[in-house]
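Some notes on the structure that comes next.
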Amino acid sequence: MTSAAPESRVPAGVDPTKASMARVYDAFLNGKDNYEIDRKVLEMVRGAVPEAQDMATENRGFLIRAVRFLAAQTGIDQFLDCGSGLPTSENVHQVAQRINPEARVVYIDNDPVVLAHGRALLEENDQTHFASADIFNPPEILENEIVRKHIDFSEPLIFLQVGTFQLHNGARDEPAKVMQSYIEALPSGSYVAFSHFLDPENEHTATARKMEEQFLKSPMGRGTFRTWAECAEFVEGLELVEPGLVLCADWWPDGPRIKPLNSVQNCFVCAVGRKPEDGAE
């Protein structure tokens, strides 16, 4: 059983009676920075789909592999990570700086629990920084003083929106438009890493819809599963790195697959893409 945060030592500004996206994700990863209300979301989803936690591990695995690839292969040394969440055993700056010690990482989040006791752990060296802002509000991010100080928008950058937009609570078509606003603002040659809950429109759709139902009626109240076509709209205009838009489990896994994917692992999609040079198709 996960050893979770004591309710009696709640950081200032944190409401332990309201589910937090960052803390729910922490609970899904078997972390310790979560409260009973967050674990209730986990139990509701896991009650409907016992393997539900595999979503979090697949998403985190993709993030680590993508950052490792981007740090090693692109020559780009600046990373903008939207929706950093709470620190885990492998954070973006640790992966990137292991390959390139000069890599600069700016994390963005506005979750009170991240601000209260995750920020200091993420800003562990002078190449990592944290900005409090709304990841679904491009102008707020792109004009942020800390972002502008440490990210040079005259040069290509790595832009991460991994496992975030399924939590957007606007109209169904709005999140893809928000993502496209970000892509338009990125310098040519920048790379984007993206992942999202998937309705695969096959025998695994029932699993996706069961999880979505539980997320939406849980204390968190968010968690939209989109189709392949809907997810493709988020990365429209990018030159996708092979193998393209695929299941998280299929994006350059660390080794051969020796057991079949379960239904949950068929419900998370990802991609890495490059913004082409101006005028390029």
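The values are calculated or read from the model by the stated rules, or taken from the named source; none is laboratory data. Given the structure is predicted, the values throughout are model-derived calculations rather than measurements. Methodologically, a virtual Cβ is constructed for each residue, glycine included, from the backbone with ideal geometry; neighbour enumeration extends over all protein chains shown.
Points worth noting:
- Residue satisfying all of: in region 106-149; closer than 25 Å to K177 by Cβ and among the small types (G, A, S); surrounded by the most Cβ atoms within 10 Å (Cβ to Cβ) among these: A131
- Top-ranked residue in region 58-84 [being of a type in the set (S, T, N, Q) and at pLDDT 95 or above; ranked as surrounded by the fewest Cβ atoms within 10 Å (Cβ to Cβ)]: Q73
- Taken over region 115-172, the residue count meeting the criterion of being without any contact (Cβ under 8 Å) to a residue 12 or more places away in the chain, over 18 Å from G223 (Cα atoms) and among the aliphatic types (A, V, I, L, M) is 1.
- All positions within region 136-168 that are assigned to a loop (DSSP other than H, G, I, E, B) and touching a Phe, Trp or Tyr at 6+ places or on another chain (Cβ under 9 Å): F136, I151, P156, L157, G163, T164, H168
- The listed residue being among the charged types (D, E, K, R) and out of contact with any His (no Cβ under 9 Å at 6 or more places or on another chain), out of R104, R68: R68
- Where a residue in region 180-197 is at positive phi and its partner, wherever it lies, is of a type in the set (K, R), with Cβ under 8 Å and at least six apart: G189/R274; G189/K275
- Residue within region 267-281 that is surrounded by fewer than 20 Cβ atoms within 10 Å (Cβ to Cβ), more than 17 Å from the chain's Cα centre (by Cα), part of a helix (DSSP H, G or I) and modelled with pLDDT of 95 or more present: no
- Among the residues making up region 116-126, a single one is modelled with pLDDT under 85 and under 17 Å from the mean Cα position of the chain (by Cα): G118.
- Residue, surrounded by the fewest Cβ atoms within 10 Å (Cβ to Cβ), within region 150-200, restricted to residues that are among the β-branched types (V, I, T) and either out of contact with any Asp or Glu (no Cβ under 9 Å at 6 or more places or on another chain) or over 27 Å from N91 (Cβ atoms) (or both): V178
- Of residues in region 74-104 being under 19 Å from the mean Cα position of the chain (by Cα) and among the charged types (D, E, K, R), the one nearest to N30 (Cα to Cα): E90
Matching residues to (1) closer than 26 Å to D250 by Cβ; (2) in a helix (DSSP H, G or I); (3) hydrophobic (A, V, I, L, M, F, W, C):
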site: R65; (1), (2), (3): yes, yes, no
site: L70; (1), (2), (3): yes, yes, yes
site: L86; (1), (2), (3): no, no, yes
site: S89; (1), (2), (3): yes, no, no
site: A96; (1), (2), (3): yes, yes, yes
site: P101; (1), (2), (3): no, no, no
site: I108; (1), (2), (3): no, no, yes
site: V114; (1), (2), (3): no, yes, yes
site: A120; (1), (2), (3): no, yes, yes
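- Here the condition is being within 25 Å of A22 (Cβ to Cβ) and either surrounded by fewer than 13 Cβ atoms within 10 Å (Cβ to Cβ) or more than 18 Å from the chain's Cα centre (by Cα) (or both); of E213, E203, it holds for E213 alone.
- Among the criteria (1) over 21 Å from A52 (Cβ atoms); (2) out of contact with any helix residue (DSSP H, G or I) (no Cβ under 8 Å at 6 or more places or on another chain); (3) not small (G, A, S), the one W252 does not fulfil is (2).
- N262 being over 16 Å from the mean Cα position of the chain (by Cα), modelled with pLDDT of 95 or more and buried (at least 18 other Cβ atoms within 10 Å of the Cβ): no
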